[in-house]
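Taking it in order: structure first as C-alpha coordinates, then the write-up.
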Amino acid sequence: MPFVLIFVIIAALLLGKFVSYETKQIFYAISLTIKSLIIFLLPLIIFGLLFKTMVSLARRATLIILLVLFCVCFSNVISTFLSHFVGEWVYHLDLSLVKPDRARALSPAWTWEFPTLIANDRAMLAGIVTGIFLGLFQSTTVQRLADQLDWLVLKILASFAWLIPLFVAGFMVKLQYDGVVQLIFKDYLLILATIALALIAYLLFLYVAFNRFNFKKTVLCLRNLLPAAIAGFGAMSSAAAMPLTIAGAEANAKNKNLAGSVIPLTVNIHLIGDCFAIPIFAYAVMKSYGMAEPSLMVYLVFLAYFVIAKFSVAAVPGGGILVMLPILEKHLGFNAEMLSLMTALYVLFDPVITCANVLGNGAFSKGIDVLSDVLKK
(Lines give C-alpha, C1' and ligand atoms only; values in the text may rest on other atoms or scores of the structure.)
Protein backbone atom coordinates (compact mmCIF):
# COMPACT_ATOMS: atom_id res chain seq x y z
CA MET A 1 0.00 0.00 0.00
CA PRO A 2 2.73 2.60 0.75
CA PHE A 3 4.27 1.97 -2.70
CA VAL A 4 0.87 2.33 -4.35
CA LEU A 5 0.28 5.60 -2.52
CA ILE A 6 3.73 6.89 -3.45
CA PHE A 7 2.88 6.15 -7.09
CA VAL A 8 -0.49 7.93 -6.72
CA ILE A 9 1.13 11.01 -5.20
CA ILE A 10 3.90 11.18 -7.80
CA ALA A 11 1.34 10.70 -10.59
CA ALA A 12 -0.77 13.56 -9.19
CA LEU A 13 2.29 15.80 -9.07
CA LEU A 14 3.68 14.98 -12.51
CA LEU A 15 0.54 14.32 -14.54
CA GLY A 16 -1.91 16.71 -12.91
CA LYS A 17 -1.19 19.54 -15.32
CA PHE A 18 -1.96 17.27 -18.31
CA VAL A 19 -5.39 16.16 -16.99
CA SER A 20 -8.46 18.13 -17.97
CA TYR A 21 -10.34 20.20 -15.41
CA GLU A 22 -13.46 18.06 -15.80
CA THR A 23 -11.51 14.85 -15.10
CA LYS A 24 -10.02 16.40 -11.98
CA GLN A 25 -13.52 17.31 -10.82
CA ILE A 26 -14.61 13.68 -11.26
CA PHE A 27 -11.63 12.34 -9.28
CA TYR A 28 -12.33 14.83 -6.49
CA ALA A 29 -16.04 13.93 -6.43
CA ILE A 30 -15.19 10.20 -6.21
CA SER A 31 -12.92 10.89 -3.22
CA LEU A 32 -15.63 12.87 -1.45
CA THR A 33 -18.12 10.04 -2.10
CA ILE A 34 -15.71 7.41 -0.71
CA LYS A 35 -15.11 9.58 2.34
CA SER A 36 -18.87 9.88 2.88
CA LEU A 37 -19.25 6.09 2.52
CA ILE A 38 -16.49 5.48 5.08
CA ILE A 39 -18.12 7.86 7.56
CA PHE A 40 -21.51 6.20 6.90
CA LEU A 41 -20.22 2.68 7.66
CA LEU A 42 -17.93 3.60 10.57
CA PRO A 43 -20.61 3.19 13.28
CA LEU A 44 -21.12 -0.42 12.13
CA ILE A 45 -17.35 -1.01 12.06
CA ILE A 46 -16.89 0.50 15.52
CA PHE A 47 -19.84 -1.41 17.00
CA GLY A 48 -18.81 -4.74 15.44
CA LEU A 49 -15.19 -4.61 16.61
CA LEU A 50 -16.05 -3.35 20.09
CA PHE A 51 -18.83 -5.94 20.47
CA LYS A 52 -16.44 -8.77 19.55
CA THR A 53 -13.76 -7.51 21.95
CA MET A 54 -16.16 -7.04 24.89
CA VAL A 55 -17.85 -10.44 24.37
CA SER A 56 -14.41 -12.05 24.41
CA LEU A 57 -13.43 -10.21 27.60
CA ALA A 58 -16.75 -10.89 29.33
CA ARG A 59 -16.51 -14.62 28.57
CA ARG A 60 -13.07 -14.70 30.20
CA ALA A 61 -13.67 -12.09 32.89
CA THR A 62 -10.99 -13.17 35.35
CA LEU A 63 -8.86 -10.86 37.46
CA ILE A 64 -5.92 -11.08 35.04
CA ILE A 65 -8.14 -10.07 32.10
CA LEU A 66 -9.39 -7.03 34.00
CA LEU A 67 -5.80 -6.20 34.92
CA VAL A 68 -4.72 -6.46 31.28
CA LEU A 69 -7.63 -4.27 30.16
CA PHE A 70 -6.77 -1.61 32.74
CA CYS A 71 -3.09 -1.68 31.76
CA VAL A 72 -3.99 -1.37 28.06
CA CYS A 73 -6.06 1.74 28.77
CA PHE A 74 -3.31 3.17 30.97
CA SER A 75 -0.61 2.51 28.36
CA ASN A 76 -2.66 4.02 25.52
CA VAL A 77 -3.43 7.10 27.63
CA ILE A 78 0.23 7.62 28.56
CA SER A 79 1.40 7.15 24.95
CA THR A 80 -1.22 9.53 23.55
CA PHE A 81 -0.58 12.09 26.29
CA LEU A 82 3.18 12.05 25.65
CA SER A 83 2.56 12.53 21.93
CA HIS A 84 0.80 15.81 22.83
CA PHE A 85 4.14 17.31 23.90
CA VAL A 86 5.91 16.08 20.76
CA GLY A 87 2.99 17.43 18.73
CA GLU A 88 3.30 20.82 20.44
CA TRP A 89 6.96 20.96 19.43
CA VAL A 90 6.07 19.99 15.86
CA TYR A 91 3.35 22.64 15.77
CA HIS A 92 5.92 25.36 16.46
CA LEU A 93 8.07 24.31 13.52
CA ASP A 94 7.93 26.40 10.35
CA LEU A 95 5.16 24.46 8.60
CA SER A 96 2.93 27.31 7.45
CA LEU A 97 1.96 26.99 3.79
CA VAL A 98 1.35 29.55 1.11
CA LYS A 99 -2.40 29.30 0.77
CA PRO A 100 -3.82 29.03 -2.77
CA ASP A 101 -6.29 31.42 -4.28
CA ARG A 102 -9.69 30.06 -3.19
CA ALA A 103 -11.25 31.60 -6.29
CA ARG A 104 -9.57 28.91 -8.43
CA ALA A 105 -9.96 26.03 -5.96
CA LEU A 106 -11.10 22.78 -7.55
CA SER A 107 -14.81 22.01 -7.08
CA PRO A 108 -16.26 18.46 -7.26
CA ALA A 109 -18.25 17.27 -10.27
CA TRP A 110 -21.00 16.18 -7.85
CA THR A 111 -21.69 16.00 -4.14
CA TRP A 112 -23.23 12.82 -2.74
CA GLU A 113 -23.55 12.60 1.04
CA PHE A 114 -24.68 9.43 2.81
CA PRO A 115 -26.95 10.03 5.82
CA THR A 116 -25.66 9.74 9.38
CA LEU A 117 -27.75 7.04 11.07
CA ILE A 118 -26.03 7.01 14.46
CA ALA A 119 -23.20 8.99 16.04
CA ASN A 120 -19.87 7.19 16.39
CA ASP A 121 -19.63 7.82 20.14
CA ARG A 122 -23.06 6.18 20.60
CA ALA A 123 -21.91 3.22 18.51
CA MET A 124 -18.85 2.93 20.78
CA LEU A 125 -20.98 2.96 23.93
CA ALA A 126 -23.50 0.51 22.46
CA GLY A 127 -20.74 -1.91 21.42
CA ILE A 128 -19.14 -1.83 24.89
CA VAL A 129 -22.36 -2.16 26.93
CA THR A 130 -24.05 -4.72 24.65
CA GLY A 131 -20.91 -6.83 24.31
CA ILE A 132 -20.27 -7.01 28.06
CA PHE A 133 -23.94 -7.65 28.91
CA LEU A 134 -24.54 -10.40 26.34
CA GLY A 135 -21.08 -11.90 26.88
CA LEU A 136 -21.91 -12.63 30.51
CA PHE A 137 -24.51 -15.20 29.41
CA GLN A 138 -21.78 -17.50 27.99
CA SER A 139 -24.04 -18.20 24.99
CA THR A 140 -22.83 -19.85 21.80
CA THR A 141 -25.41 -17.77 19.92
CA VAL A 142 -23.82 -14.56 21.19
CA GLN A 143 -20.34 -15.80 20.29
CA ARG A 144 -21.58 -16.75 16.80
CA LEU A 145 -23.10 -13.27 16.39
CA ALA A 146 -19.84 -11.66 17.49
CA ASP A 147 -17.86 -13.79 15.02
CA GLN A 148 -20.26 -12.95 12.17
CA LEU A 149 -20.04 -9.22 12.93
CA ASP A 150 -16.26 -9.49 13.07
CA TRP A 151 -16.22 -11.25 9.67
CA LEU A 152 -18.47 -8.57 8.15
CA VAL A 153 -16.33 -5.74 9.53
CA LEU A 154 -13.10 -7.29 8.25
CA LYS A 155 -14.70 -7.66 4.79
CA ILE A 156 -15.67 -3.98 4.84
CA LEU A 157 -12.17 -2.95 5.92
CA ALA A 158 -10.62 -5.12 3.21
CA SER A 159 -12.84 -3.36 0.66
CA PHE A 160 -11.77 0.03 2.02
CA ALA A 161 -8.14 -0.99 1.55
CA TRP A 162 -8.80 -1.20 -2.21
CA LEU A 163 -10.52 2.19 -2.16
CA ILE A 164 -7.84 4.08 -0.20
CA PRO A 165 -5.59 4.78 -3.26
CA LEU A 166 -8.58 6.18 -5.17
CA PHE A 167 -9.68 8.09 -2.05
CA VAL A 168 -6.25 9.69 -1.74
CA ALA A 169 -5.86 10.24 -5.50
CA GLY A 170 -8.85 12.57 -5.76
CA PHE A 171 -7.67 14.76 -2.93
CA MET A 172 -4.10 14.78 -4.23
CA VAL A 173 -5.45 16.01 -7.58
CA LYS A 174 -7.27 18.80 -5.74
CA LEU A 175 -4.22 19.72 -3.66
CA GLN A 176 -2.08 19.73 -6.81
CA TYR A 177 -4.59 21.91 -8.64
CA ASP A 178 -4.84 24.28 -5.65
CA GLY A 179 -1.03 24.48 -5.54
CA VAL A 180 -0.30 23.13 -2.05
CA VAL A 181 0.66 19.44 -2.39
CA GLN A 182 4.32 20.13 -3.23
CA LEU A 183 4.71 22.38 -0.21
CA ILE A 184 2.97 19.93 2.12
CA PHE A 185 5.11 16.89 1.33
CA LYS A 186 8.32 18.91 1.27
CA ASP A 187 7.66 19.84 4.91
CA TYR A 188 6.74 16.38 6.23
CA LEU A 189 10.07 14.55 5.99
CA LEU A 190 11.11 16.12 9.29
CA ILE A 191 7.80 15.07 10.86
CA LEU A 192 8.31 11.45 9.82
CA ALA A 193 11.79 11.47 11.37
CA THR A 194 10.42 13.07 14.56
CA ILE A 195 7.75 10.37 14.98
CA ALA A 196 10.29 7.60 14.36
CA LEU A 197 12.71 9.03 16.95
CA ALA A 198 9.92 9.53 19.51
CA LEU A 199 8.79 5.91 19.07
CA ILE A 200 12.34 4.55 19.32
CA ALA A 201 13.04 6.54 22.50
CA TYR A 202 9.78 5.52 24.20
CA LEU A 203 10.03 1.83 23.28
CA LEU A 204 13.66 1.64 24.39
CA PHE A 205 12.67 3.19 27.72
CA LEU A 206 9.93 0.57 28.20
CA TYR A 207 12.22 -2.36 27.42
CA VAL A 208 15.01 -1.02 29.63
CA ALA A 209 12.60 -0.36 32.52
CA PHE A 210 10.85 -3.74 32.29
CA ASN A 211 14.24 -5.47 32.25
CA ARG A 212 15.21 -3.53 35.39
CA PHE A 213 17.83 -1.48 33.52
CA ASN A 214 19.83 -4.59 32.65
CA PHE A 215 21.40 -3.79 29.25
CA LYS A 216 22.17 -7.42 28.35
CA LYS A 217 18.62 -8.59 29.08
CA THR A 218 17.19 -5.63 27.14
CA VAL A 219 19.20 -6.52 24.03
CA LEU A 220 18.15 -10.18 24.33
CA CYS A 221 14.50 -9.16 24.77
CA LEU A 222 14.59 -6.99 21.64
CA ARG A 223 16.39 -9.71 19.66
CA ASN A 224 13.64 -12.21 20.49
CA LEU A 225 11.02 -9.82 19.10
CA LEU A 226 13.00 -8.72 16.03
CA PRO A 227 11.41 -11.33 13.68
CA ALA A 228 7.93 -10.16 14.72
CA ALA A 229 8.92 -6.51 14.20
CA ILE A 230 10.22 -7.28 10.70
CA ALA A 231 7.05 -9.23 9.88
CA GLY A 232 4.91 -6.32 11.09
CA PHE A 233 6.94 -3.87 9.01
CA GLY A 234 6.50 -5.94 5.86
CA ALA A 235 2.89 -7.02 6.32
CA MET A 236 1.64 -3.75 7.90
CA SER A 237 -0.52 -5.91 10.16
CA SER A 238 -0.01 -6.65 13.85
CA ALA A 239 -2.38 -9.60 13.45
CA ALA A 240 -0.25 -11.11 10.69
CA ALA A 241 2.83 -10.84 12.90
CA MET A 242 1.03 -12.24 15.98
CA PRO A 243 2.47 -15.81 15.91
CA LEU A 244 6.00 -14.39 15.91
CA THR A 245 5.05 -11.84 18.57
CA ILE A 246 3.73 -14.62 20.81
CA ALA A 247 6.94 -16.63 20.32
CA GLY A 248 9.10 -13.62 21.20
CA ALA A 249 6.95 -12.67 24.19
CA GLU A 250 7.06 -16.22 25.57
CA ALA A 251 10.84 -16.31 25.18
CA ASN A 252 11.10 -13.09 27.22
CA ALA A 253 8.68 -14.11 29.98
CA LYS A 254 8.89 -16.15 33.17
CA ASN A 255 5.20 -17.06 32.92
CA LYS A 256 5.06 -18.20 29.30
CA ASN A 257 1.37 -19.14 29.37
CA LEU A 258 0.47 -15.64 30.54
CA ALA A 259 2.59 -14.02 27.84
CA GLY A 260 1.03 -16.22 25.18
CA SER A 261 -2.48 -15.19 26.23
CA VAL A 262 -1.76 -11.46 26.58
CA ILE A 263 -0.69 -10.92 22.96
CA PRO A 264 -3.95 -12.12 21.30
CA LEU A 265 -5.94 -9.96 23.73
CA THR A 266 -3.96 -6.80 22.98
CA VAL A 267 -3.06 -7.13 19.30
CA ASN A 268 -6.03 -4.99 18.19
CA ILE A 269 -6.30 -2.60 21.13
CA HIS A 270 -2.77 -1.77 22.34
CA LEU A 271 -1.23 0.32 19.55
CA ILE A 272 1.65 2.51 20.70
CA GLY A 273 2.63 3.39 17.14
CA ASP A 274 -0.84 4.83 16.44
CA CYS A 275 -0.90 6.67 19.77
CA PHE A 276 2.22 8.59 18.78
CA ALA A 277 1.84 8.92 15.00
CA ILE A 278 -1.78 10.07 14.64
CA PRO A 279 -1.70 12.95 17.18
CA ILE A 280 1.69 14.19 15.94
CA PHE A 281 0.52 14.07 12.32
CA ALA A 282 -2.64 15.89 13.45
CA TYR A 283 -0.62 18.74 14.98
CA ALA A 284 1.49 19.02 11.83
CA VAL A 285 -1.55 19.08 9.54
CA MET A 286 -3.31 21.66 11.73
CA LYS A 287 -0.26 23.92 11.58
CA SER A 288 -0.01 23.47 7.81
CA TYR A 289 -3.62 24.57 7.37
CA GLY A 290 -3.32 27.54 9.69
CA MET A 291 -5.55 26.15 12.45
CA ALA A 292 -5.07 27.23 16.04
CA GLU A 293 -3.16 24.91 18.35
CA PRO A 294 -5.66 22.94 20.47
CA SER A 295 -5.72 23.73 24.17
CA LEU A 296 -4.84 21.04 26.70
CA MET A 297 -8.52 20.60 27.60
CA VAL A 298 -9.51 20.15 23.94
CA TYR A 299 -6.70 17.63 23.51
CA LEU A 300 -7.76 15.71 26.64
CA VAL A 301 -11.30 15.36 25.25
CA PHE A 302 -9.78 14.17 21.96
CA LEU A 303 -7.55 11.78 23.93
CA ALA A 304 -10.54 10.24 25.71
CA TYR A 305 -12.38 9.47 22.47
CA PHE A 306 -9.11 8.43 20.82
CA VAL A 307 -8.31 5.84 23.51
CA ILE A 308 -11.87 4.45 23.47
CA ALA A 309 -11.70 4.19 19.67
CA LYS A 310 -8.54 2.08 20.01
CA PHE A 311 -10.84 -0.77 21.07
CA SER A 312 -12.50 -0.67 17.64
CA VAL A 313 -9.35 -0.74 15.49
CA ALA A 314 -8.62 -3.77 13.32
CA ALA A 315 -4.93 -4.64 13.02
CA VAL A 316 -4.98 -4.54 9.20
CA PRO A 317 -3.26 -2.09 6.80
CA GLY A 318 -4.84 1.34 7.20
CA GLY A 319 -7.22 0.16 9.93
CA GLY A 320 -5.75 2.49 12.54
CA ILE A 321 -6.67 5.72 10.76
CA LEU A 322 -10.11 4.84 9.39
CA VAL A 323 -11.90 4.79 12.74
CA MET A 324 -10.10 8.00 13.77
CA LEU A 325 -11.40 10.13 10.88
CA PRO A 326 -14.67 11.17 12.58
CA ILE A 327 -12.84 11.88 15.86
CA LEU A 328 -10.35 14.14 14.06
CA GLU A 329 -13.24 15.81 12.25
CA LYS A 330 -15.44 16.37 15.30
CA HIS A 331 -12.94 17.15 18.06
CA LEU A 332 -10.06 18.80 16.17
CA GLY A 333 -12.07 20.39 13.35
CA PHE A 334 -10.48 18.58 10.38
CA ASN A 335 -12.01 19.12 6.94
CA ALA A 336 -12.11 16.64 4.05
CA GLU A 337 -8.72 17.70 2.62
CA MET A 338 -7.03 17.38 6.01
CA LEU A 339 -8.56 13.93 6.58
CA SER A 340 -7.26 12.79 3.19
CA LEU A 341 -3.78 14.09 3.97
CA MET A 342 -3.87 12.33 7.36
CA THR A 343 -4.85 9.08 5.63
CA ALA A 344 -2.06 9.40 3.07
CA LEU A 345 0.59 10.20 5.69
CA TYR A 346 -0.58 7.38 7.95
CA VAL A 347 -0.59 4.72 5.23
CA LEU A 348 2.79 5.87 3.90
CA PHE A 349 4.21 5.55 7.42
CA ASP A 350 2.18 2.42 8.26
CA PRO A 351 5.14 -0.03 8.10
CA VAL A 352 6.98 1.92 10.81
CA ILE A 353 3.78 2.40 12.85
CA THR A 354 2.98 -1.33 12.70
CA CYS A 355 6.55 -2.25 13.61
CA ALA A 356 6.21 0.02 16.68
CA ASN A 357 2.83 -1.56 17.52
CA VAL A 358 4.39 -5.04 17.46
CA LEU A 359 7.34 -4.00 19.63
CA GLY A 360 4.92 -2.16 21.92
CA ASN A 361 2.85 -5.33 22.36
CA GLY A 362 6.03 -7.25 23.15
CA ALA A 363 6.97 -4.65 25.77
CA PHE A 364 3.43 -4.72 27.19
CA SER A 365 3.56 -8.51 27.55
CA LYS A 366 6.90 -8.20 29.33
CA GLY A 367 5.44 -5.55 31.64
CA ILE A 368 2.45 -7.76 32.53
CA ASP A 369 4.85 -10.64 33.22
CA VAL A 370 6.91 -8.45 35.56
CA LEU A 371 3.75 -7.10 37.26
CA SER A 372 2.32 -10.60 37.83
CA ASP A 373 5.66 -11.68 39.30
CA VAL A 374 5.58 -8.70 41.70
CA LEU A 375 1.96 -9.42 42.70
CA LYS A 376 2.84 -13.05 43.49
CA LYS A 377 5.51 -11.87 45.91
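A simple spin-label model places pseudo-atoms 7 Å from Cα toward Cβ; at residue 116 and residue 22 they are separated by 3.5 nm.
Sorting 291, 54, 297 by accessible area puts them as 297, 291, 54; the probe is 1.4 Å, largest comes first, and only protein heavy atoms count. Average accessible surface for the chain: 44 Å² per residue, computed with a 1.4 Å probe over protein heavy atoms with every protein chain in place.
Here residue 92 sits with roughly 130 square angstrom of accessible surface, probe radius 1.4 Å. Dividing the radius of gyration of the alpha carbons in the chain by their Kirkwood radius gives 0.98 for Rg/Rh. If we count chymotrypsin sites (Phe, Trp or Tyr not before Pro) as exposed when they sit in a DSSP loop and have at most 14 other beta carbons within 10 Å, what is the longest stretch of the chain that avoids them all? Here the longest run is 214-377. Computed over the range 204-304, the Cα gyration tensor eigenvalues convert (square root of 5λ each) into semi-axes of 32, 16, 14 Å, ordered from largest to smallest. Measuring r between the beta carbons of residue 209 and residue 162 and using R0 = 45 Å, the FRET efficiency lands at 0.60.
May I ask you to derive the FRET efficiency for residue 3 and residue 371 from their Cβ-Cβ distance with R0 = 35 Å, giving the value to the nearest 0.05? Efficiency, rounded to the nearest 0.05: 0.30.
Tell me the carbon and sulfur percent of the accessible area for the chain, rounded to whole percent, probe radius 1.4 Å. Write out the running numbers ahead of the final one.
Details: 11900 of 16620 Å².
C and S fraction of accessible area: 72 percent.
In the calculated pair distance distribution of the range 270-367, what percentage of Cα-Cα distances lie above 22 Å? When all Cα pairs of the range 270-367 are counted, 26 percent exceed 22 Å.
Using a 1.4 Å probe and counting only protein heavy atoms, arrange 354, 116 so the residue with the most accessible area comes first. Please list the in-between numbers first.
Numbers: 354 5, 116 115 Å².
Largest to smallest exposure gives the sequence 116, 354.
Taking every protein chain into account, the 1.4 Å probe leaves residue 269 with about 10 Å² of accessible area, to the nearest ten.
Each of residue 94 and residue 125 was given a label point 7 Å from its Cα along the Cα-to-Cβ line. The distance between the two points is 4.8 nm.
The values are calculated or read from the model by the stated rules, or taken from the named source; none is laboratory data. The shown structure was predicted, so the numbers you read here are calculated from the model rather than taken from an experiment. Glycine gets a Cβ as well: all are built from the backbone with ideal geometry, and neighbour counts include every protein chain shown. For accessibility, only protein heavy atoms count, side chains too; no ligands or nucleic acids. Shrake-Rupley method; radii C 1.70, N 1.55, O 1.52, S 1.80 Å.
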